[in-house]
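Scroll down for the structure; my scribbles are underneath it.
All of the numbers you see were taken from the coordinates with simple rules; none came from a lab. These numbers come from a predicted model, not from an experiment. Here Cβ is always computed from backbone atoms with ideal geometry, including for glycine, and neighbour counts include all displayed protein chains.
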Amino acid sequence: MNSQSLDKVVSVSNLVRLIRRMDEYELWKRAVFVRDRFTCQNCGARNGRKRIIEADHKVSITILVKENKVNSVESARNCKALWDINNGRTLCHTCHEQTESYPTRFVQNKLR
């Protein structure tokens, strides 16, 4: 099976999972943290022992993948919208959970 036919069977949720594992994603997160001085942009909490900061896409990765017709890791790598730090913000975990862009599967798993 060549890579093009493999791309067609990858679901959006699996592609998002792969994107979150890319080096570019780690670089994007780091750039957002540095710009925001490792501080939650909602409540002002700083990264530390009792607070974990997270990088949040204001427009979710899932929406960006769909809108930009990203269908492979390679097309994700070339999608400027995914790596735009202006679409990112640093949030503590508590504030991140309260956003619309927080992955609902994490909230659903927590409720079980």
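Hey, what's the Cα Rg ratio for segment 31-92 versus the globular rule of thumb, 2.2 N^0.38 Å?
Segment 31-92 yields a ratio of 1.27.
Taking the Cα-to-Cβ direction at Asn42 and at Val12 and moving 7 Å from each Cα, how far apart do the two end points lie in nm?
Taking the two extended label points, one gets 2.3 nm.
Sort out for me the Cα centre separation of segment 17-42 from segment 78-101, rounded to whole Å.
8
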